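Each value in this text was obtained by applying a stated rule to the coordinates, not by laboratory testing. Everything numeric in this text was worked out from a predicted model, so none of it was measured. Cβ atoms come from the backbone with ideal geometry, glycine included; neighbour counts cover every protein chain shown.
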Amino acid sequence: MAHIIVTGAAGFIGSHTVDRLLAAGHRVTGIDNFRTGRRANLAGALARPGFAFVEGDVTEAGVLHRVAGTGPTDAIIHLAALVSVQESMNHPGLNYSLNLHATHLAAEAARLHRVPRFVFASSAAIYGDTADLPIREAAEKKPISPYGAAKLASEALLLGHAAAYGFVVRCQRYFNVFGPRQDPASPYSGVISIFDRRYRAGQSVTIYGDGRQTRDFISVHDVARANVIAATQPGIASGAANICTGRATSLLDVVKVFAQHYPHVAAPAHAESRPGDILHSRGTPEAAAAALGFGAEVSVETGLGELIRGG
Ligand code: UD2
């Protein structure tokens, strides 16, 4: 049984990661300031004896330091972040505080308290808009947003710390994550969370463009499993890997699944493509398989079915 600190524990990916760690018998200390995370996401975890929760802001020096100083910690899973690319465009300074400075503070907590493992929520956004698909880890990194830039800078910071101070860092480059608890609040939220909310309300969805654009949609259950492996499996070395399925799913395919479940909802409307929207994104899953023994197991159809049934 390990003790793991999870930052951003009340968030979409954080809360699923916490649930999976607890189910595997680990002890978890979760940190969140509820900026975008929700207490309701931790309802299951808070009822379990292996879970402790600290309400706090990881951009404040001392918060993680204090938590890591309370006893031996086997890993930090750092998921707390400004999660919206659009918000990073509007507020780059806030983005660098949450997505880079907080990484530095978390890395320092790992160094000072001799935490042997560190798992970081990186993103496919570090690659930018590449036409060279599927995206390999060695591809050129050309972020096109403050969000992508901060994630890329955080990777460099962490891998430098890992090499200098002798702990293991895994940078998890998530592709398009979907599943229960994803927040559909903004027009720039993940498309599946927006579609789910609208179909539930009996409202038709809007497809920007012809719907043939594709993404590498990965279930949050697979992402949480990848985090647990990276944090707890023995014999893992530092590095970065795509956390993806390697498969392309079009928006039309996604809508087809929703339409089967909601036959009475009107057909989607089409609108102009979003400026700056990329047509296709898909990653190579081989590096995660080699480094972590991880492969996605939940198909988009299965994951969507679970989401739609209320999961
Ligand atoms: C964005 C972010 C990515 C991540 C992801 C959420 C960028 C560069 N990347 O990527 O980092 O946060 O969102 O999983 O911003 N769409 C519709 N109708 C809608 C909403 C979206 O057709 O109501 C389209 C959208 O124009 C795009 C596709 O669906 O072509 C996927 O959109 P998304 O925002 O879920 O994901 P993505 O890959 O653009």
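Brief remarks on what is shown
- Likely footprinting exposure, I126, I194, fewest C-beta neighbours within 10 Å first: I194, I126
- Solvent-free Debye calculation, one equal scatterer per alpha-carbon of segment 31-74: log10 I(q)/I(0) at 0.21, 0.26, 0.29, 0.30 Å⁻¹ equals -0.81, -1.03, -1.09, -1.11.
- Across S299, S281, S186, mean-square fluctuation computed from a Gaussian network of the chain (C-alpha pairs under 10 Å connected) peaks at S186.
- Nearest-0.05 FRET efficiency for H261 and H101, computed from C-beta distance (R0 45 Å): 0.55
- For segment 60-155, fraction of C-alpha pairs farther apart than 22 Å, in %: 36
- Taking the C-alpha atoms only, the angle from helix 102-112 to the longest principal axis of the chain is near 30 degrees.
- Short-range pairs are left out: with C-alpha atoms under 8 Å and at least six residues apart, the relative contact order of segment 1-114 is 29 percent.
- Volume per residue for segment 1-131 equals 115 cubic angstrom (convex hull of Cα atoms).
- Within the listed set A241, A224, A259, the residue fluctuating most in the Gaussian network model of the chain (springs between alpha-carbon atoms under 10 angstrom) is A259.
- Here the dipole of the chain is about 460 debye; that uses its Cα centre as origin and unit charges on the Cβ of Lys and Arg (positive) and Asp and Glu (negative).
- Angle of helix 146-165 to the longest C-alpha principal axis of the chain, folded into 0 to 90 degrees and rounded to 10: 30°.
- GNM top mover of F120, F175, F258 - the chain, alpha-carbon springs below 10 Å: F258
- Shape analysis of segment 105-161 based on the Cα gyration tensor places the equivalent ellipsoid semi-axes at 26, 11, 8 Å, largest first.
- Residue exposure proxy: M1, M89, ordered by other Cβ atoms within 10 angstrom of their Cβ from fewest to most, comes out as M1, M89.
- Rounded to the nearest 20 debye, dipole of segment 88-224 from Cβ charges on Lys, Arg, Asp, Glu: 280
- Per residue, the convex hull spanned by the Cα atoms of segment 129-251 measures out at 135 cubic angstrom.
- Of every Cα-Cα pair in the chain, the percent that sits beyond 33 Å: 20
- Those lysines that a straight Cα-Cα span of less than 23 Å connects to K151, excepting residues fewer than 8 apart in one chain: K141, K142
- Counting neighbouring Cβ atoms within 10 Å and putting the fewest first, the residues V298, V6 line up as V298, V6.
- Taking 37 °C and 0.692 mPa s as conditions, segment 229-308 diffuses translationally at an estimated 210 µm²/s according to Stokes-Einstein applied to its Kirkwood radius (Cα pairs).
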